[in-house]
1. Filter the range 85-131 down to residues that are part of a strand (DSSP E or B) and modelled with pLDDT under 95 and give me whichever is nearest to residue 42 (Cα to Cα).
2. So which of 133, 96 is within 25 Å of residue 66 (Cβ to Cβ) and of a type in the set (Val, Ile, Thr)?
3. Mind checking which residues of the range 238-262 are in a loop (DSSP other than H, G, I, E, B) and of a type outside the set (D, E, K, R)?
4. Sort through 142, 172 and tell me the only one that's surrounded by 13 or more Cβ atoms within 10 Å (Cβ to Cβ), among the β-branched types (Val, Ile, Thr) and over 22 Å from residue 59 (Cα atoms).
5. Kindly indicate which of 134, 152 is crowded, with 21+ Cβ neighbours inside 10 Å, in contact (Cβ under 8 Å) with a residue 12 or more places away in the chain and hydrophobic (A, V, I, L, M, F, W, C).
6. Can you tell me which residues in the range 108-154 are closer than 19 Å to residue 96 by Cα and more than 12 Å from the chain's Cα centre (by Cα)?
7. Does any residue in the range 85-103 that is closer than 19 Å to residue 229 by Cβ come within less than 6 Å, Cβ to Cβ, of a residue that is outside any strand (DSSP E or B) and of a type in the set (Val, Ile, Thr) six or more places away or on a different chain, and which pairs are these?
8. Looking at the range 149-202, which of the residues that are of a type in the set (Asp, Glu) and modelled with pLDDT under 95 is farthest from residue 128 (Cα to Cα)?
Amino acid sequence: MNKIKYFFIILNLYLFNLSKKIYKCPFLNAKEYIYVHRTWLNFKVIYKVIINGYDGDLNPKFINYDYDYLFYTNNISFYLLNNNSIWHYYKIPEKITNSKLSPAKQNRCLKINAYKYLPNHYNFSIYIDGNVIIINDINLLVNQLKNKYKDINFFVPIHPDRDCIYEEAKVVLNRRKDRPKYVKPQIKKIKNDGFPEHYGLSENNILIRNHKDPNIIKFMDKWWKIIKKGSKRDQLSFLYISWKYNFTNFVFIERKLIKYYFKIIRKHKYTH
């Protein structure tokens, strides 16, 4: 009986592939994508936020169907032309677009406050920047992290180049990634609070979270508060907030894991 059942599952997948020309049967050779069986209702989500065409809607190279794929943008009509996309397109929530925040801070608002703006049935999320492509089975990464760090519900990449907020601030100013009027007062306050040099630095282009965890919600609220009033460069506040409020429920993801599971296109399509 099971063999008959599996036969019809495979047949349906194959026929669906022929009719839509975008999905590949997992038991057939697929040159571009690998697909895993999708459940009826997913509680996990992978999402990205693109404002003003900052990056493209890059499809993952490995798609897990126990995740939904949400793409938030203020330019849905532009991306809907891509019929081969796995992403489900959503408008940026009006509460954010009406807030008079800059495009970059609108992005950070939705990026950080997943518990406020993602559909309510999701309790686990993976945020990726617009220039990040998933290239291997993301569940293997999540399971590996959760098995190693059983009580941790938040994972973020370690920065590839620096380990110090103060050094990062100099780079931000030298490369004009943010205005001095936002960066300098924030760094001065951080220094006055006694935040140590070379304490560590995150690269926040990927956030893996149980975003409804109460401790994570508290951390997100404090993190967003400092970004909203200060620098849009969220690397300049993540470790400071965790240090100041003794938030220990996160772990850095090693670079070798990042390189295996993600491809990062260092040059963005546009700048803002």
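1. Taking the candidates together, the pick is 88.
2. The conditions single out 133.
3. Correct list: 245, 246, 247, 248, 249, 250.
4. Every option except 172 fails the conditions.
5. Criteria check complete, one pass: 134.
6. Matches in the range 108-154: 109, 115, 116, 117, 118, 119, 120.
7. From the range 85-103, the pairs are 103/51.
8. 151
The values are calculated or read from the model by the stated rules, or taken from the named source; none is laboratory data. Computed from a predicted model, the values in this text were never measured in an experiment. As a convention, Cβ positions derive from the backbone with ideal geometry for all residues, glycine included, and neighbour counts pool all protein chains shown.
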